[in-house]
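Visitor: After the structure tokens below, expect a handful of questions from me.
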Amino acid sequence: MTTDQKNLIKATVPVLKENGVLLTDYFYKRMFKGNPELKNVFNMANQQNSKQQTALAMAILAYAENIENPAILMPAIDGISQKHISLDIRPEHYIIVGKHLLASISEVLGEAATPEILDAWEVAYNQLASIMSGHESTLYSKQVQKKGGWSGWKPFIINEKIVESAEITSFHLYPADQGSVADFIPGQYISIRLFIPELNLLQPRQYSISSAPNGEYYRISVKKEGLTRLNPDGMISNRLHDFLNAGDIVEVSAPAGNFTLNPKGDHPVVFISGGVGQTPLISMLENLIQSGSNRPKTWIHGCRDEKVHAFKDVIDNWADGQQDFHRHTFYDRIDNKHDFGNTYEGWVDLNKFDNKILPENADYYICGPSPFIAKHYKDLVERGIKKQAIHFEEFGPQTLQL
């Protein structure tokens, strides 16, 4: 890009801050009208709650703000690319997106979208598309080079369906071809793709792998949503609960994601989860225990009550058998008012713990609803925990900026 073009991109930053979501909302409507086949690729429920539009607007703004040095955004680009390879996004999709995005800029901005601005954004978009598709090509290559690895979609059989709590059920997925299961890093996710008759569409969703690597199957643990309306969580999750059973086949993409356990070092590790956000953390913790790691481990989990508390017995057994493992549980309400040991009534409150439970030299992993992540990230930073030691994953489109 020329210096003049970069300056034109930076000049659009105020417009993007004020009208970014308006632009991306228009863009998605335009793209799905012109290329309705992409409705089978994108999470259509996230179009209803504006999460996808917001996430894209934030990404475009960040790119414009850092157009002088887009390499600064590589951690964020990697996170987006990980999602893309789990959805089988390919270079040809970038061509379609670029066409509609540039047309949307022209149509939304009107006379303000001068030929010079449109030319600058065309160069900028092609630069970003090249960076992302190149990175994704590398990720695809790494996937297929693994034993049992693949790219795109592959049929898996539900071998077991196990109720873990009043809301969460686990599904054990085995390759339909009876071949090897590609390894993964604890904390990663897979995508499940199902046909949704109500929409007459294929729809994908990401689910964290909720067990340590075992070489035989992937386990996902899915929360059933009580809402009956079409929503991002319930469309696929409830279908898994209500209509799919052992012996049924689902399409699965290879493990992806960069919210992963750092196995290096001997410093403590602290897991903080809310609700079904415990699933990637269970995989990390199980991996540490199975490997015989002597790193001090702390598990802090919050949910509504004991009935919806999945994996409680598993965590209790691990805590009983590990001197270097301690768990603390928060329930919104405790029905039986007797001594629950390390169980507390109310929402997760890190201020209850001293530096022995939350040491400064620990790695912290947080997963749960966005407000849950934001609160505990802020609380940890205020305690003096270094930001680079705090790792988190937001389910769905990435909208948190911490």
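Visitor: Could you give the length gained on full extension between Glu68 and Val144, defined as 0.36 nm per residue of separation minus the Cα-Cα distance, in nm?
Guide: 23.9 nm
Visitor: Between Ser50 and Ser137, 0.36 nm times their residue separation minus their Cα-Cα distance comes to what?
Guide: Here the segment from Ser50 to Ser137 would lengthen by 28.4 nm.
Visitor: What FRET efficiency comes out for the pair Asn294/Thr343, r = Cβ-Cβ distance, R0 = 22 Å, nearest 0.05?
Guide: FRET efficiency, Asn294 to Thr343: 0.25.
Visitor: Further question: How big is the antiparallel share of DSSP beta bridges in the chain, given as a percent to the nearest 5?
Guide: Here the share of antiparallel DSSP bridges comes out near 55 percent.
Visitor: For the chain, what is the mean residue ellipticity at 222 nm derived from helices alone (per DSSP H run of n ≥ 4: -39500 (n - 2.57); sum divided by total residues; nearest 500 deg cm²/dmol)?
Guide: Calculated from helices alone, the mean residue ellipticity at 222 nm is -13000 deg cm²/dmol.
Visitor: Where is the GNM fluctuation largest for the chain (alpha-carbon springs, 10 angstrom cutoff): Thr260, Thr114, Thr12?
Guide: Greatest mean-square fluctuation among the candidates belongs to Thr114.
Visitor: Given the Cα-Cα distance of Asp320 and Ile249 and 0.36 nm per residue of separation, how much length would full extension add, in nm? Please report the intermediate quantities before stating the final value.
Guide: Working: separation 71, 0.36 × 71 = 25.56 nm, distance 3.75 nm.
That pair, Asp320 and Ile249, stretches by 21.8 nm at full extension.
Visitor: Do any trypsin sites (Lys or Arg not before Pro) in segment 253-330 lie in a DSSP loop with no more than 15 other beta carbon atoms within 10 Å, and if so, which?
Guide: Sparse-neighbourhood loop trypsin sites (Lys or Arg not before Pro): Lys264, Arg304.
Visitor: Take the Cα of Ser130, step 7 Å along the line toward its Cβ, and report every residue of segment 1-22 whose backbone nitrogen sits under 18 Å from that point.
Guide: So the set is 1-7, 9.
Visitor: Neighbouring Cβ atoms within 10 Å as the yardstick, rank Met74, Met284, Met132 fewest first. Don't jump to the answer; show the numbers that get you there.
Guide: Details: Met74 12, Met284 25, Met132 18.
The most exposed by this proxy come first: Met74, Met132, Met284.
Visitor: Please go through the residue pairs Lys147/Lys378; Lys147/Lys356; Lys6/Lys83; Lys264/Lys356; Lys147/Lys224; Lys307/Lys386 and name each one whose alpha carbons sit more than 30 Å apart in this structure.
Guide: Checking Cα-Cα distances, Lys147/Lys378; Lys147/Lys356; Lys147/Lys224; Lys307/Lys386 exceed 30 Å.
Visitor: So which GluC sites (Glu not before Pro) in segment 138-202 are both in a DSSP loop and have at most 10 other Cβ atoms within 10 Å of their Cβ?
Guide: Loop-located and lightly packed - Glu198.
Visitor: Which residue, Asp335, Asp88, Asp25, tops the fluctuation ranking in a GNM of the chain built on C-alpha contacts under 10 Å?
Guide: It is Asp335.
Read-outs throughout are calculated quantities, based only on the coordinates presented, and are distinct from any laboratory measurement. The model shown is predicted, which means the values in this text are computed figures rather than measured ones. Note that we place each Cβ from the backbone using ideal geometry, even for glycine, and neighbour counts take in every protein chain shown.
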